[in-house]
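The values are calculated or read from the model by the stated rules, or taken from the named source; none is laboratory data. Note that the structure is predicted; figures quoted are calculated from it, not measured. Counting neighbours? That spans all protein chains shown, and the Cβs are built from the backbone with ideal geometry, glycine included. Each accessible area value is taken on the protein alone, full model and side chains, heavy atoms only, with ligands, DNA and RNA left out. Shrake-Rupley method; radii C 1.70, N 1.55, O 1.52, S 1.80 Å.
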Amino acid sequence: MAMRRLPKTGLVLTFLSPNPAHSRSAVQFFQQLFQLAPIGNSTLSSSQTSVTRDLLDEKYFGSSSMSWHSAACACNGSGTILHFLSLADNSKKEASHSREKETNSSLSLLSIMECRITDDVLSDCRVKLSQLMEDNHFFGRQGYMSSLEARLRGVGFSLTQKIGREMQSSWLLSSTPSLNLNESRSRQSVTSDVSSYDKTGLRELVLPFFSEYSTLLSDMSESKLSRPLPGLYQYVCNGLVLRPLPAAHEDLRLPPPSLIFQCPLNDAKELVEKELGGKTAKIGWRGDKHRGSLIVNHPSIVGLDVRINEDWVLSSCFDEAEQAVLAGSIQDLQSSNVMSEGKHDDNQDITIDPKTNKADCWVEARSNVKHPAGFLKRFSNNTRIAKPPHLPYE
């Protein structure tokens, strides 16, 4: 069957990756599981690709060996591109690149931008990303001072990479994910009929945000994105669906963004667990008549909530995972072995958390001193009254 051609414009989701090896691993994972096509030399090692410096590299690193590495893959069905950006030291040998995979760092969503889908789409994306990062500078785009600040930031990024510290997305963009869409694009009609969609592809992106600090919801409301259902925004007909998801007032951190793919469940489950070495878990299953999704866990996609749903439809409802439930709790007080401790099967090993039965009555007080943000919220003068959501019942 002939592959569907990408549209003229599409959304590019840029993720900050720990290193180039992790980026290539993520691209390979999405290629094997969802048949996303790699763009350019995304799956090749650093020794097999030619290093071409562009405006983004020159602005921050000049002629040094450091550069911004890009790896990407495209979903033909929705016209969405997953772009993984990372720091690369071109003076390193391939042996050191192979060891980069062993890090436990995670991916983080940097930006959502509209780009022209051409053979050189990554160049267009990197130029726009360079402008977004420059807007985050103290001096903005003010000529010499902006260039000097970019070089100083590049030196800081290089030192961070050399000492083995993980880069934070807030160092590049003050508010993440940054939404950069073409405001002149007119609204296009959308339909809730999913029969015209391809059987496999990226369908939905769920974006948790803090309503007190983030402008994500207002940016989407002011954009020309279509609204097929309350709470949903869609980029062109049959395009990617964006779901902004406000965090609760008590939440101390945000759960990871969710990427929801549509493909056959049984085939994907077998591929993930037997060939790719990952794990799957059910979420949102309500009997045989309402099949939910499978959450995929794999070292290549740590930091992302990747889900598979065979019967995907447009809906105002969304099933939140464990990270959202524990977002308002202190991590020091949580145990990752609760399920294991509750097992009574003699054939399976039971893992006991080292903190079990070794705490005192002051353990919560000490944890609040280490993380005072949640404790101080109790003294806030903002009175919040629970109200029913203004959403239609399905």
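Tabulated data
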| quantity | calculated |
| --- | --- |
| Test: residue in the stretch 202-218 that is closer than 27 Å to residue 31 by Cα, open to solvent by less than 50 Å² (accessible area, probe 1.4 Å) and either among the small types (Gly, Ala, Ser) or at pLDDT below 80 (or both) | no |
| Search result, residues across the stretch 162-176 that are at pLDDT 85 or above, under 22 Å from residue 211 (Cβ atoms) and assigned to a loop (DSSP other than H, G, I, E, B) | 168, 173 |
| Failed criterion for residue 275 (all others in (1) under 25 Å from residue 173 (Cβ atoms); (2) open to solvent by 50 Å² or more (accessible area, probe 1.4 Å) hold) | (1) |
| Number of the condition not met by residue 149 [criteria: (1) open to solvent by 70 Å² or more (accessible area, probe 1.4 Å); (2) at pLDDT below 85] | (1) |
| Residue satisfying all of: in the stretch 67-123; assigned to a helix (DSSP H, G or I) and buried (at least 18 other Cβ atoms within 10 Å of the Cβ); modelled with the highest pLDDT among these | 122 |
| Yes/no for residue 230 being buried (at least 19 other Cβ atoms within 10 Å of the Cβ), outside any helix (DSSP H, G or I) and either at pLDDT 85 or above or not charged (D, E, K, R) (or both) | no |
| Pair list, Cβ under 7 Å, 6 or more apart: the stretch 19-43 residue within 23 Å of residue 263 (Cβ to Cβ) and open to solvent by 10 Å² or more (accessible area, probe 1.4 Å), other residue modelled with pLDDT under 90 and of a type in the set (Lys, Arg) | 25/101 |
| Odd one out for residue 280 among (1) over 16 Å from residue 28 (Cα atoms); (2) surrounded by fewer than 17 Cβ atoms within 10 Å (Cβ to Cβ); (3) of a type in the set (Val, Ile, Thr) | (2) |
| Residue list for the stretch 239-259, filter: under 14 Å from the mean Cα position of the chain (by Cα) and open to solvent by less than 10 Å² (accessible area, probe 1.4 Å) | 242, 258, 259 |
| Candidate set from the stretch 132-146 (those that are crowded, with 16+ Cβ neighbours inside 10 Å and touching a Lys or Arg at 6+ places or on another chain (Cβ under 8 Å)); member that is modelled with the lowest pLDDT | 137 |
| Contacts under 7 angstrom Cβ, first residue in the stretch 234-245 being touching a residue at least 40 places away in the same chain (Cβ under 8 Å) and among the polar types (S, T, N, Q), partner crowded, with 22+ Cβ neighbours inside 10 Å and part of a strand (DSSP E or B), 6 or more apart | 234/241 |
